[in-house]
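Down below is the structure, laid out as structure tokens.
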Amino acid sequence: MSIFTNNITFLFVLITISGVCGIDIQSGAFNNLAVVSDQVGNMYYEANEKKQIFQEASNYCETNGLRLVTLTDLEVHKALKTLLSSSNINFGGLWIGLHDQQKERDFKFMDGKTAPYISELWLDGQPDNGGQNKDNCARIRSNDNLLADMDCNYNYFGICEAPQIEIPECPSGYTLFNSICYKIHDFPTQTFNDSRLFCENAKGMLARVPNEQVWLHLYNELPKKDMSYWIGMTDEAEEGVWRYVDGKKVPQSFFNDNLWGVGQPDNYGNNQHCCDMDVNAQHKIKDIRCSETNGFICEIIPNVIKGCQSGGKPHNGICYYLTDYKKPFLTSEQFCETKYNGSLVPLMDTETLQIIRKFADENGKIYEDLWVGLTDEQIEGQWKFVNGSEAKFNPKMWANNEPNDGNSGNEDCVIIDDQNGYKLQDTDCSSEHSFICEKLVVSTKKGKE
């Protein structure tokens with residue numbers, strides 16, 4: 001099923017013939033928050049945190065990178081009805097992005113486009129304008145999930161939506177360009193075949209250079225060293241027939257570009273069957289003997305991560321969410337569970353700590369302590385993550401003389417201490433701090449070229 005809005009196709013994989021597939025329903029009473037989200041399809045739904053008039057509900061969605069739900073056909077309504085019915089949320093009514101405020105019975109979506117009238121979506125006798133010419137906004141009723149018009153100044157929760165975009169993400173050390181991740185290796189220098197094997201073992205290949213744009217990107221990324229670098233082109237199988245290391249022919253247009261060194265390729269000595277970006281030709285491409293030793297460039301197809309909810313930072317299949325609240329440890333954990341179906345960040349390594357530090361800095365939180373999902377409340381000195389798994393003690397992550405259970409003997413929860421080198425410190429679980437949530441599972445798949 002496809003929905004065309006603003007010339008963007010949103011794919012919903014919400015419902016199978018046998019029923020609902022892969023839907024994650026979350027509901028809770030924390031700050032009257034109710035979240036409904038779909039983990040399989042490309043749409044994310046969220047009910048706002050408090051009852052508001054229609055325009056305020058719309059503003060809330062837009063402020064959070066969302067929009068009031070756009071109901072365009074029966075399949076979307078069926079999916080949304082299933083989500084709302086399964087959530088057991090007593091919402092009374094939910095504003096959606098549909099109104100006839102400009103002209104009676106001329107219903108439009110929030111982007112100004114005319115909405116088709118689909119009688120099956122509406123309660124019998126609706127829309128009726130309330131008999132007073134002021135029921136100009138549409139809501140979903142909680143008892144039957146059908147639409148009815150209502151005075152736009154009534155207070156209801158709103159239901160927001162957003163497409164979950166796909167975000168390509170490279171492994172550590174790689175840079176992304178034109179949907180491909182590249183990494184330059186200058187040590188140790190290796191033969192062409194050894195370099196090819198190295199890249200394949202890293203689940204990639206020696207870098208293909210299909211056009212001048214890719215060459216220029218790689219050229220700009222090269223270290224300032226007196227060194228040439230293998231790329232993934234060879235005519236070992238058939239002289240003069242150049243192929244990439246994946247077996248595909250190098251396009252003829254490539255030989256018309258200004259990418260080769262002067263007079264190249266020339267197969268000097270009848271034994272030059274591999275290609276490098278040659279330091280003696282200003283890193284233009286030359287054919288040379290495959291037995292030479294050079295640096296080399298690997299490429300790999302990035303993982304594609306389904307986009308995080310609004311405000312989330314994706315990294316290696318995990319979404320991180322920095323909150324604007326300061327709360328005790330347990331309340332913070334409950335918020336992460338309710339809002340994101342996640343948890344406080346279970347800080348396991350220094351790499352994750354650096355990700356969090358950068359994220360906090362980007363959002364003006366670098367000078368605030370942050371809860372992480374680590375506690376020894378059950379048994380003193382036996383640290384566990386909030387999911388119950390045991391945490392290995394890594395002294396490099398802790399501040400000096402930490403953890404020390406404090407003078408009170410009651411410091412059983414852990415913060416990142418902004419005043420102590422962004423190291424870990426145990427503290428009283430009832431103290432209030434900012435916190436970062438992480439979503440435990442984010443759908444990932446191998447990217448496409």
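Pop out the Kirkwood hydrodynamic radius of the range 131-241 from its pairwise C-alpha distances, inverse of mean 1/r, in Å to one decimal.
Hydrodynamic radius (Kirkwood, Cα pairs) of the range 131-241 is 19.5 Å.
Suppose we take every Cα in the range 192-340 and form the convex hull; what volume per residue is that in Å³?
172 Å³
In the structure shown, do any of K313/K396; K183/K365; K225/K365; K224/K249 have a Cα-Cα gap over 28 Å, and if so which?
K183/K365; K225/K365; K224/K249
Taking a cut-off of 20 Å between Cα atoms, list the lysines near K50, but don't count ones fewer than 8 places away on the same chain.
K326, K327, K339
Between E292 and I366, what's the calculated FRET efficiency when r is the beta-carbon distance and R0 is 45 Å? Round to 0.05.
Result of the calculation: an efficiency of 0.40.
Report ³J(HN,Hα) in whole Hz for each residue of the range 255-268, in order, from the Karplus equation J = 6.51 cos²θ - 1.76 cosθ + 1.60 where θ = phi - 60°; Gly and Pro get x.
Values, residue by residue: 7, 8, 6, 8, 10, 8, x, 4, x, 9, x, 10, 6, 4 Hz.
Out of I355, C308, G409, whose Cα points farthest toward the positive end of the dipole of the range 296-425 (charges: +1 Lys, Arg; -1 Asp, Glu; placed on Cβ)?
Going by the charge dipole, the pick is C308.
Tell me which lysines have Cα within less than 16 Å of K384's Cα, excluding those fewer than 8 residues away on the same chain?
Straight-distance partners of K384: K392.
In terms of modelled amide H atoms, which long-range or inter-chain residues lie less than 5 Å from the amide H of W242?
Residues meeting the criterion, in which the H sits 1.01 Å from N, are V250.
DSSP loop trypsin sites (Lys or Arg not before Pro) in the range 215-316 with at most 13 other Cβ atoms within 10 Å of their Cβ, which ones?
Answer by residue number: K224, K225, K248, R289.
Which aspartates and glutamates does K284 reach when only Cα atoms under 16 Å apart count, and residues fewer than 8 places away in its own chain are ignored?
E212, E221, D226, D257, D266, D276
Taking H placed 1.01 Å from N in the peptide plane, check which residues at least 5 places from L347 or on another chain put their amide H under 5 Å from its amide H.
Residues meeting the amide H criterion: G373.
Can you give me the relative contact order of the range 305-401 as a percent, contacts being Cα pairs under 8 Å and 6 or more apart?
With pairs under 8 Å counted, the relative contact order is 19 percent.
So how far, in whole Å, is the C-alpha centre of the range 346-417 from the one of the range 238-254?
Measuring centre to centre over Cα atoms gives 53 Å.
For K203 and Q282, FRET efficiency with R0 = 30 Å and r from the beta-carbon atoms, rounded to 0.05?
Given R0 = 30 Å and the Cβ-Cβ separation, E is 0.45.
Between D128 and residues 5 or more places away or on another chain, which pairs have amide H atoms under 5 Å apart, with H built 1.01 Å from N, and which residues are they?
D149
Taking every pair of alpha-carbon atoms in the range 220-264, what share in percent sits in each 10 Å bin, from 0 to the bin with the longest distance?
21, 47, 28, 4
Where a number appears in this text, it was derived from the coordinates with a stated rule and is not lab data. Because the structure is predicted, anything quoted here is derived from the model rather than measured. Counting neighbours? That spans all protein chains shown, and the Cβs are built from the backbone with ideal geometry, glycine included.
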